[in-house]
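Trainee: Got a structure for you, questions after.
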Amino acid sequence: MLPMEILVSVGLLVAVLAWVVSVYNRLYHLRREVLGAWKQWVQATRSRNEQLGDFADVFARVLPQGSLVPSRLRSLADDSDRRLRSMEEPRWGNSGESFMPGAEWMLQRALRESMDEAERMPQMHTHLEFQQLCGLMSMALYQQEHRTRLFNRAAQEYNSALVSPGGRALAAVLGFRPSGSLEAPPGENGG
């Protein structure tokens, strides 16, 4: 028969290993949720940028000659696309750190201002193609904002798991780092 100390040691070792596996699995699955939400956000942003090209074209045909709005929207959308290509994954490292590119917030603000400007122009109320594009842009913006909230929720849940007792004890050893968020830093959200 084995001495009681060996049995207790083996039992404790099994319990510790089960706990480590449990913490790892939780962190792994939460990180996968963050990555999935990130991919959905990128897809919604790309879709919005594609719609923006059509929107800017119609804007250019309807607005008075020399208006800078269409070229500003195109420029901001192009900058957004360039940044998306350089960000294959969300930023990992600083919990709660925002990494929403300033250009993304500028684009959203410029787009809303453009739509507001169009609403004040009587000729825009009768331009059917423009009205349809306004509806599509509103839907694209809603989708992107919805995906932003989903990503931030997933990142917050993941970051909370990292600071739980098990996460704090094992995250660094297991290679898990906090996720940034898509929230605008103070003063950058146009509000």
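Trainee: Of Phe130, Asn152, Gly11, which is farthest on the positive side of the dipole of the chain, counting Cα position, with +1 on Lys and Arg Cβ, -1 on Asp and Glu Cβ, and the Cα centre as origin?
Mentor: Result: Gly11, furthest along the dipole toward the positive end.
Trainee: Are there GluC sites (Glu not before Pro) in the stretch 26-89 that DSSP puts in a loop and that have at most 15 other Cβ atoms within 10 Å, and which ones?
Mentor: Details: sites: Glu33, Glu50, Glu88; in loops: Glu88.
In loop regions of the stretch 26-89 (DSSP not H, G, I, E or B), the sparsely surrounded GluC sites (Glu not before Pro) are Glu88.
Trainee: For the chain, with a Gaussian network of springs between Cα atoms less than 10 Å apart, report the residue from Thr126, Thr148, Thr45 with the top mean-square fluctuation.
Mentor: Ranking Thr126, Thr148, Thr45 by mean-square fluctuation puts Thr126 first.
Trainee: From the phi of every residue in the stretch 35-45, what ³J(HN,Hα) in whole Hz does the Karplus formula 6.51 cos²θ - 1.76 cosθ + 1.60 yield, where θ is phi - 60° and glycine or proline is x?
Mentor: Residue by residue, the stretch 35-45 yields 5, x, 5, 4, 4, 5, 5, 4, 4, 5, 5 Hz.
Trainee: List every residue whose amide H lies under 5 Å from the amide H of Ser179, counting only residues 5 or more places away in sequence or on a different chain, with H placed 1.01 Å from N in the peptide plane.
Mentor: When sequence neighbours closer than 5 places are left aside, the close amide H contacts are Gly93, Gly96, Asn159.
Trainee: How do Val16, Val173 stack up against each other in accessible area, from largest to smallest, with a 1.4 angstrom probe?
Mentor: On the way: Val16 80, Val173 115 Å².
Correct descending sequence by accessible area is Val173, Val16.
Trainee: Through the Karplus equation 6.51 cos²θ - 1.76 cosθ + 1.60, θ set to phi - 60°, convert the phi angles of the stretch 104-112 into ³J(HN,Hα) values in whole Hz; use x for Gly and Pro.
Mentor: Using θ = phi - 60°, the values come out as 5, 5, 4, 5, 4, 5, 5, 5, 5 Hz.
Trainee: Tell me the per residue accessible area of the chain using a 1.4 Å probe; a whole number in Å² is fine.
Mentor: On the way: 11230 Å² over 191 residues.
The answer is 59 Å² per residue.
Trainee: Of all accessible surface on the chain at a 1.4 Å probe, what whole percent is carbon and sulfur? Write out the running numbers ahead of the final one.
Mentor: Numbers: 6270 of 11230 Å².
With neighbouring chains kept in place, the figure for the chain is 56 percent.
Trainee: Which one, Ser75, Ala44, Leu63, projects farthest toward the positive side of the charge dipole computed for the chain from Cβ point charges (K/R +1, D/E -1)?
Mentor: The listed residue farthest towards the positive side: Ala44.
The values are calculated or read from the model by the stated rules, or taken from the named source; none is laboratory data. Not measured: the values here are computed from a predicted model. All Cβ positions, glycine included, derive from the backbone under ideal geometry; neighbour counts span all protein chains shown. Each accessible area value is taken on the protein alone, full model and side chains, heavy atoms only, with ligands, DNA and RNA left out. Shrake-Rupley method; radii C 1.70, N 1.55, O 1.52, S 1.80 Å.
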